[in-house]
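Structure first, commentary second.
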Amino acid sequence: MSSESTQQETPLGYEAARDELVEVVRKLEAGGLSLEDSLALWERGEVLAKTCEQHLAGARERIDAALAVVEEDVSQG
């Protein structure tokens with residue numbers, strides 16, 4: 001099993017996905033890659049960006065839920 005397929009099977013945390021995305025962008029910006037390598041990196045970057053967005057959306061939902069509880073407590077108090 002390749003490390004790429006292992007990466008796709010193991011869910012990444014936000015920080016790991018963000019750090020890998022930063023590295024992907026750095027490599028793409030540096031240039032000098034073949035078209036095939038560039039496309040593969042771009043695709044990986046898209047997956048990583050989506051992972052980050054999902055983590056941030058989940059965090060946003062948790063914050064909204066916590067704020068709703070606090071507002072409810074304040075209004076009842």
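The values are calculated or read from the model by the stated rules, or taken from the named source; none is laboratory data. Since we're looking at a predicted model, the values are computed, not measured. Positions of Cβ are generated from backbone atoms using ideal geometry, with glycine treated the same way; all protein chains shown enter the neighbour counts. Ligands, DNA and RNA are stripped out before the accessible areas are found, and what is left, the full protein with its side chains, is counted by its heavy atoms. Shrake-Rupley method; radii C 1.70, N 1.55, O 1.52, S 1.80 Å.
When you scan the range 20-58, how many residues do you find that are in a helix (DSSP H, G or I) and more than 12 Å from the chain's Cα centre (by Cα)? Spell out how you get there, then give the answer.
Step one: of the range 20-58, the residues in a helix (DSSP H, G or I) are 20-30, 35-58.
Within this subset, residues satisfying the condition of being more than 12 Å from the chain's Cα centre (by Cα) are 23-30, 35-43.
Summing the residues that are in a helix (DSSP H, G or I) and more than 12 Å from the chain's Cα centre (by Cα) in the range 20-58 gives 17.
Sort out which residues of the range 38-64 are open to solvent by 90 Å² or more (accessible area, probe 1.4 Å) and hydrophobic (A, V, I, L, M, F, W, C), and write them in order of number.
42, 63
Residue-wise test of (1) at positive phi; (2) acidic (Asp, Glu); (3) in contact (Cβ under 8 Å) with a residue 24 or more places away in the chain.
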residue	(1), (2), (3)
19	no, yes, no
24	no, no, yes
36	no, yes, no
45	no, no, yes
63	no, no, no
71	no, yes, no
77	no, no, no
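So which residues in the range 1-21 are within 19 Å of residue 40 (Cβ to Cβ) and either at pLDDT below 55 or surrounded by fewer than 11 Cβ atoms within 10 Å (Cβ to Cβ) (or both)?
1, 2, 3, 4, 5, 6, 7, 8, 9, 10
Which of the residues that make up the range 47-58 are hydrophobic (A, V, I, L, M, F, W, C) and either touching a Gly at 6+ places or on another chain (Cβ under 8 Å) or free of Cβ contacts under 8 Å to residues at least 12 places away in the same chain (or both)? Give the steps one after another, and end with the answer.
Going residue by residue through the range 47-58, those that are hydrophobic (A, V, I, L, M, F, W, C) are 47-49, 52, 56-57.
Residue satisfying the conditions is 57 alone.
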